[in-house]
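Engineer: Attaching a single structure in structure tokens format; questions to follow.
The values are calculated or read from the model by the stated rules, or taken from the named source; none is laboratory data. The shown structure was predicted, so the numbers you read here are calculated from the model rather than taken from an experiment. All Cβ positions, glycine included, derive from the backbone under ideal geometry; neighbour counts span all protein chains shown.
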Amino acid sequence: MTLPETGRGLFELLRPVNALAAAMLTLIGGFVAGGVPDAGLAITAATVATFFGTGAGNAINDYFDRAIDAHNKPGRPIPRGAVTPRQALWFSIACFAGAVGLALTLPPLAIAIATANLVALVIYTKVFKGLPGAGNAVVAYLVGSTFLFGAAAATNIAPALVLFALAALSTVSREIVKDVEDVEGDRKEGLNTLPIAIGERRSLWIATIVLVVAIIASPLPYLLDQFSAAYLVVVVPAAGYMLFAARASFRDPATGQSYLKYGMFLAALAFVVGRASVYVEVPL
């Protein structure tokens, strides 16, 4: 292994796009809570902590999943030999340390959320991933809690509670579809994910039902007067796109879960638009 190859491998362990996406959700949580610019420094610290914490979780997940990835994702840094398991472990520890250092500068509720999330990230693969539905629920909580973390940094968590629920439901759906995509490798490693326990098609139907519940609940921020009608202008197309993604999952789970990810990004944009329009009082 050369130094550039190792450096690239370590960067890939972060899954920087996913880590950045999680960080942006924390920023959105702070924005929705009305903390920008009043709590700008705290929200910035929470956003960067989320990036490093998510990256650390991704790296430790690759460390524990190195045997599974040899079947499911042989191009990942550890299976292809760009990074040794020991390097991945120490890299994860360093990222966790950075996340903890930043989190400790935040208000108590934000520290509590960060503590719960870091523990969940560390034990996810060993404790929850192989339990039917449990691993999906943990990941869903982690994604949804990024909104709570940003809002807690702004000391106003209430506006983010509905967003937490919507994000968690959407994430459960996508995670189940991802498990269907990975079923062959997971079965070889003895994991008992939901598709292995009850079947792939039943799992896809559960994912679709959960997604429909999230879509039905999606107007709540508008109905609760948290967002203006501008929110609906963006969230309705996002809902339609995610329904299309759910249908695509029955033909090709890999494509479907990818579409679901983009739909979730569009829904996150709806949160920003909905809150921003309240600030500037855009008439619709």
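Engineer: Which residue, of Gly53, Gly57, is part of a helix (DSSP H, G or I) and within 21 Å of Gly130 (Cβ to Cβ)? Show your work before the answer.
Structural biologist: Working: Gly53 fails: within 21 Å of Gly130 (Cβ to Cβ).
Going through Gly53, Gly57 in turn, just one is part of a helix (DSSP H, G or I) and within 21 Å of Gly130 (Cβ to Cβ): Gly57.
Engineer: Kindly indicate whether any position in the range 90-112 is touching a Leu at 6+ places or on another chain (Cβ under 6 Å), under 30 Å from Glu184 (Cβ atoms) and of a type outside the set (Lys, Arg).
Structural biologist: If we filter the range 90-112 for residues that are touching a Leu at 6+ places or on another chain (Cβ under 6 Å), which is where we start, we get 91.
If we keep only those that are under 30 Å from Glu184 (Cβ atoms) too, we end up with 91.
Narrowing further to those that are of a type outside the set (Lys, Arg): 91.
Yes, the conditions are met somewhere in the range 90-112.
Engineer: How about the range 64-113: which of its residues are in contact with a Gly (Cβ under 6 Å, 6 or more places away or on another chain) and small (Gly, Ala, Ser)? Working first, answer last.
Structural biologist: Going through the range 64-113, the residues in contact with a Gly (Cβ under 6 Å, 6 or more places away or on another chain) turn out to be 68, 71-72, 77, 82-83, 95, 99.
Correct list: Ala82, Ala99.
Engineer: Continuing with this model, one more query. Filter the range 246-284 down to the residues that are modelled with pLDDT of 85 or more and among the β-branched types (Val, Ile, Thr), then identify the one that is surrounded by the fewest Cβ atoms within 10 Å (Cβ to Cβ).
Structural biologist: It comes out as Thr255.
Engineer: Out of the range 178-232, which residues are among the hydroxyl-bearing types (Ser, Thr, Tyr), within 22 Å of Gly256 (Cα to Cα) and not in a helix (DSSP H, G or I)? Can you show your working first?
Structural biologist: Residues of the range 178-232 among the hydroxyl-bearing types (Ser, Thr, Tyr): 193, 203, 208, 218, 222, 228, 231.
Subset that is within 22 Å of Gly256 (Cα to Cα): 193, 203, 208, 218.
The answer is Thr193, Ser218.
Engineer: Name the one entry in Ala158, Ala217, Ala207, Ala197 that is crowded, with 16+ Cβ neighbours inside 10 Å and among the small types (Gly, Ala, Ser). Reasoning before the result, please.
Structural biologist: On the way: Ala158 fails: crowded, with 16+ Cβ neighbours inside 10 Å; Ala217 fails: crowded, with 16+ Cβ neighbours inside 10 Å; Ala197 fails: crowded, with 16+ Cβ neighbours inside 10 Å.
Selected residue: Ala207, the only one of Ala158, Ala217, Ala207, Ala197 that is crowded, with 16+ Cβ neighbours inside 10 Å and among the small types (Gly, Ala, Ser).
Engineer: Related question: If you check Leu243, Leu223, Leu194, which single one turns out to be in contact with a Ser or Thr (Cβ under 8 Å, 6 or more places away or on another chain) and modelled with pLDDT of 90 or more?
Structural biologist: One residue alone meets the criteria, Leu194.
Engineer: A further question follows. Within the range 179-230, track down each residue that is more than 14 Å from Leu166 (Cα to Cα) and aromatic (Phe, Trp, Tyr).
Structural biologist: Across the range 179-230, the qualifying residues are Trp205, Phe227.
Engineer: Follow-up. Can you name the condition, by its number, that Asp182 falls short on among (1) without any contact (Cβ under 8 Å) to a residue 60 or more places away in the chain; (2) within 21 Å of Ala59 (Cα to Cα)?
Structural biologist: Just one mismatch for Asp182, condition (1).
Engineer: Would you check which residues across the range 86-122 are loosely packed, with under 14 Cβ neighbours inside 10 Å and modelled with pLDDT under 90 and list them?
Structural biologist: Val119
Engineer: Next up: So is Thr6 closer than 30 Å to Ala276 by Cα, in contact (Cβ under 8 Å) with a residue 40 or more places away in the chain and crowded, with 16+ Cβ neighbours inside 10 Å or not? Steps first, please.
Structural biologist: Details: closer than 30 Å to Ala276 by Cα: no; in contact (Cβ under 8 Å) with a residue 40 or more places away in the chain: yes; crowded, with 16+ Cβ neighbours inside 10 Å: yes.
No; evaluated as a whole, the condition is false for this residue.
Engineer: Would you pick out the residues in the range 123-137 that are over 23 Å from Gly9 (Cβ atoms) and buried (at least 20 other Cβ atoms within 10 Å of the Cβ)?
Structural biologist: First pass over the range 123-137, keeping only residues over 23 Å from Gly9 (Cβ atoms): 123, 127-128, 130-137.
Result: Gly135, Asn136.
Engineer: Would you mind telling me which numbered condition in (1) of a type in the set (Val, Ile, Thr); (2) out of contact with any Leu (no Cβ under 8 Å at 6 or more places or on another chain); (3) buried (at least 19 other Cβ atoms within 10 Å of the Cβ) Val83 fails?
Structural biologist: Going through the list (1) of a type in the set (Val, Ile, Thr); (2) out of contact with any Leu (no Cβ under 8 Å at 6 or more places or on another chain); (3) buried (at least 19 other Cβ atoms within 10 Å of the Cβ), Val83 breaks only (2).
Engineer: Going through Ala82, Ala70 one at a time, which residue ends up being in a helix (DSSP H, G or I) and of a type outside the set (Asp, Glu)? Give the steps one after another, and end with the answer.
Structural biologist: Values: Ala82 fails: in a helix (DSSP H, G or I).
Just a single option satisfies the conditions, and that option is Ala70.
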